[in-house]
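Have a look at the structure below before the remarks.
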Amino acid sequence: MSELNIADQAPDFTLPTDGGGSVALSTLAGKSVVLYFYPKDDTSGCTSEAQGFSEAAEAFRAADAVVIGVSKDSVASHDKFKKKYALDLILASDEGSDVVERYGAWVEKSMYGRKYMGIDRSTFLIGPDGRIRHIWRKVKVPGHVAAVLTALTA
C-alpha cells in the first residue's frame, strides 16, 4: 500500500458506528471530514483526544465538518465509551483493520523492546472534494484539536 499524500483522493470506506449506524465517506461529499485514528477506547490519551474533538464539536459543525474517530474497538465498546464521556462525534469500528491499513495508520510499534502492530494516532483532514488537505502522523494529543481547527478554517 503506497503512502497517502496531501491532494490524494481519500480512500472511500463504509464502517459501522456507535448507535448501530454506519458512515460512508462517499455520502459526506461537499463537507469537510476530520478522520482520526486512535488506538483504544477509554485509555487516557484516546479519551483526552475524543474529549477535545467533542468540546470543539460546535466549531467543527460551524465549519461544515464531520468528525469521525476510528479504532479497531467493537461498536459495543464505542457505545460504552461515547456514553461514559458524553462524546459528541461519530465513532466508527474497523475491527478488520481495512480502513486503518488503507490510510497507513496500522504500523509497527515498540514498547519495552517488544515489537507489535498497532494504530498510529493520526488524523486526516479531507476536503469537500474528497481530497486529503492535511495529514498529521504520530499525533501528540495536547494542542492537536486546535491545530486541526486552524487547518480546517485556513
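We did not get these values from a lab; they are worked out from the coordinates using the rules stated. Treat the numbers as computed from the prediction; the structure is a model and nothing was measured. Glycine also receives a Cβ, built like all others from the backbone with ideal geometry; neighbour counts cover every protein chain displayed.
See the values below:
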item: Among the candidates Leu125, Leu149, Leu91, residue that is of a type in the set (A, V, I, L, M, F, W, C) and closer than 20 Å to Pro16 by Cα; result: Leu91
item: Hits in region 53-85 (condition: of a type in the set (D, E, K, R), touching a residue at least 40 places away in the same chain (Cβ under 8 Å) and surrounded by 14 or more Cβ atoms within 10 Å (Cβ to Cβ)); result: Lys72, Asp79, Lys82
item: So Tyr116, is it under 22 Å from Ala29 (Cα atoms) and not charged (D, E, K, R); result: no
item: Among (1) under 19 Å from Ala50 (Cβ atoms); (2) touching a strand residue (DSSP E or B) at 6+ places or on another chain (Cβ under 8 Å) - the single one Lys109 does not satisfy; result: (1)
item: Test: Asp42 is more than 23 Å from Leu149 (Cα to Cα), of a type outside the set (A, V, I, L, M) and surrounded by 13 or more Cβ atoms within 10 Å (Cβ to Cβ); result: yes
item: Some residue of region 13-31 being loosely packed, with under 15 Cβ neighbours inside 10 Å, hydroxyl-bearing (Ser, Thr, Tyr) and in contact with a helix residue (DSSP H, G or I) (Cβ under 9 Å, 6 or more places away or on another chain); result: yes
item: Condition check for Ala105: under 19 Å from Asn5 (Cα atoms), touching a Ser or Thr at 6+ places or on another chain (Cβ under 6 Å) and touching a residue at least 60 places away in the same chain (Cβ under 8 Å); result: yes
item: Condition check for Leu4: in contact (Cβ under 8 Å) with a residue 24 or more places away in the chain, in contact with a strand residue (DSSP E or B) (Cβ under 7 Å, 6 or more places away or on another chain) and farther than 13 Å from Ile90 by Cβ; result: yes
